[in-house]
Structures are given as structure tokens and as C-alpha cells.
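Report on the following structure.
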Amino acid sequence: MVYYLSLVDSMLETRMLKELVPDYAAKYTEDYWDFCYTEDFYEAMARLQEVRKHDILVWDTTVRGAGNKLLSLRKDNPTAFLFLFASSRTNPMLYVRAGIAPDALLLKPFDIVALDKVLEESFDLIRDRLSKSRGQLISVYTGHAQKYLQLDLIDFLEARDKKVFVRIKNQEYGLYETLDDLEKKLPDHFRRCHRSFIVNMLHADSIIISENVIIMKNGDVVPVSRTYKKEIKEYGIENE
């Protein structure tokens with residue numbers, strides 16, 4: 001599944017995106033796409049709450065409130081392809097500052113020809129990025145069959161009852177591996193914080209060392225043991 005969200009300030013721009021993007025998606029990928037198009041900032045924010053990780057974000061900085069969300073948008077979606085719309089009146093420091101790193105930029109006003117050209121260039125990169133992300137999967141057993149989950153969707157892993165449970169939002173999936181083995185295979189942002197837990201630090205909202213817990217963005221609370229306390233604290237300082 002490829003998650004796409006566009007926030008623009010006019011129905012005309014939405015119509016252009018609806019005309020072009022699905023065709024490029026079909027041409028360059030074999031995935032099923034979940035499209036969300038909106039001109040409403042609050043609807044876009046609701047979508048970001050509903051879908052934690054997007055693959056493609058088209059974000060119009062001229063929409064009221066959108067520019068101020070750029071840093072948190074990128075922080076919450078570090079691997080997404082970020083395509084920004086801006087105007088000649090937009091201060092470039094809004095989108096070139098550290099931590100945002102847009103993948104494509106189109107200045108307004110534009111017509112469908114200009115949009116088509118940038119999308120064509122962008123989809124070569126999007127295809128490569130999606131291809132790489134497909135390799136970052138974990139195989140779990142659902143009780144009926146094997147299922148493959150994207151690593152970047154995982155909140156944490158918990159060992160209990162002689163199994164390891166993968167937590168994604170309010171869903172759990174079991175697998176027959178040990179945390180020790182998984183710890184060696186997972187990317188660097190998956191950190192051991194307890195003998196029974198590995199946490200995806202990209203999904204952590206805050207680290208409360210005094211209470212020995214990590215608060216996740218979805219509200220879950222993951223314990224931090226004395227053994228891993230220093231490592232988690234140092235990781236938090238390095239990635240502030």
C-alpha cells in the first residue's frame with residue numbers, strides 16, 4: 001500500500017493532481033495506492049493522524065497554517081517523498097531550513113504542463129524509493145497465514161508468552177523469533193529499551209528518564225530498564 005496525501009489551496013490544483021498522479025502511479029508502480037486530496041488544512045491534519053506514515057506528501061505552503069507544520073511533517077514522515085508548492089512571495093527559509101529537505105518544489109502559479117514535467121521527473125525517484133522500502137519488511141504469522149509488515153509502521157516489539165508481538169497502532173502480530181535476533185536485523189532507530197521491548201524511536205513522542213518510560217505518539221507507554229537507560233537517554237539527546 002502506498003499512502004498519498006495532497007494539501008493544496010484550490011480545486012483547480014486538486015483536479016490537476018487527480019488527472020496526473022494516478023496515471024503516473026499506475027505507470028511507475030504495481031502497488032495499490034490510497035489517495036487523499038484536500039484543500040482543507042484541518043482535513044489534512046486529520047488524515048495525518050489517521051495514517052501515521054505517508055509515502056508521498058504534496059504540501060502547499062501557501063495554505064494557511066501549512067508552512068508552520070513543515071518541520072513536524074518531515075519529522076513524522078522522514079522517508080516520505082515531499083513535494084512542496086510555494087509562491088514567489090514565500091520566504092525560502094520556510095522550506096530550505098535544516099530538517100525539511102523537500103524532494104521537489106514547484107512555484108505558483110503553474111499550469112498542468114509544468115506540473116506534469118515535475119511529476120515525471122519525480123516519479124523516477126519515487127519508484128526507486130518505493131522499491132527500496134519494499135525490502136524493509138518483517139514476516140509475521142496472523143493465525144491463518146504469513147503476512148508482511150513494513151518496518152516503518154511498527155511502534156514497538158514486545159516479548160511475552162514465549163513469542164514476540166509486533167505492535168502497530170492497536171493491532172498485534174506474533175512471530176517466532178527472539179528479541180536478541182531481531183535486534184541484530186532491525187535498523188538503527190529500533191532500540192532495545194528493556195529485556196522485553198524494542199522500540200521504534202521514530203514513533204516516540206517523548207522520553208521520560210525520571211519515570212523510566214518512553215511515551216509513544218499513539219499514547220502507548222513503553223518501559224525503560226536500568227540496563228538500557230543510558231543508551232536511550234543518549235539516543236534522545238543526539239536526535240533532538
* **Rel. contact order, % - alpha carbon contacts under 8 angstrom, at least six apart, region 25-102** => 28 percent
* Asked: Ignoring ligands, DNA and RNA, what percent of the accessible area of the chain is carbon or sulfur (1.4 Å)?
  -> 50 percent
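Once fully extended, how much extra length lies between residue 98 and residue 162, figured as 0.36 nm per residue of separation less the alpha-carbon to alpha-carbon distance?
18.7 nm
Which of rounded, prolate or oblate describes region 1-126 when judged by the alpha-carbon gyration tensor and an a/c cut-off of 1.5?
Values: a/c = 1.37, a/b = 1.14, b/c = 1.20.
It is rounded, given that a/c, with a ≥ b ≥ c, falls under 1.5.
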* How far apart, in nm, are two points set 7 Å out from the Cα along the Cα-to-Cβ line at residue 225 and at residue 188? -> 2.5 nm
* To do: Roll a 1.4 Å probe over the protein chains and send me the accessible area per residue for region 55-132 in Å².
  => 51 Å²
* Do you know the relative contact order of the chain, to the nearest whole percent, from alpha carbon pairs under 8 angstrom that are 6+ apart? -> 11 percent
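Could you work out the local net charge near residue 42, counting Lys and Arg as +1, Asp and Glu as -1, over the other residues with Cβ closer than 13 Å to its Cβ?
-1
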* Per-residue accessible area for residue 61 at 1.4 Å probe radius, Å² rounded to 10? -> 20 Å²
* Cα centroids of region 159-196 and region 20-65: how far apart, whole angstrom? -> 30 Å
* Does region 83-127 come out rounded, prolate or oblate by the C-alpha gyration tensor, with a ≥ b ≥ c the root eigenvalues, rounded set by a/c under 1.5 and, if not, prolate when a/b is larger than b/c and oblate if not? -> oblate
* Asked: Tell me which lysines have Cα within less than 22 Å of residue 117's Cα, excluding those fewer than 8 residues away on the same chain?
  -> 18, 27, 108
* Can you give the helix-only mean residue ellipticity at 222 nm for the chain, where every DSSP H stretch with n ≥ 4 adds -39500 (n - 2.57) and the sum goes over all residues, rounded to the nearest 500 deg cm²/dmol? -> -10500 deg cm²/dmol
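The values are calculated or read from the model by the stated rules, or taken from the named source; none is laboratory data. Small disclaimer: the values here were computed from a predicted structure and weren't measured. All Cβ positions, glycine included, derive from the backbone under ideal geometry; neighbour counts span all protein chains shown. Remember, those area values only see protein heavy atoms, side chains included, never the ligands or the DNA or RNA. Shrake-Rupley method; radii C 1.70, N 1.55, O 1.52, S 1.80 Å.
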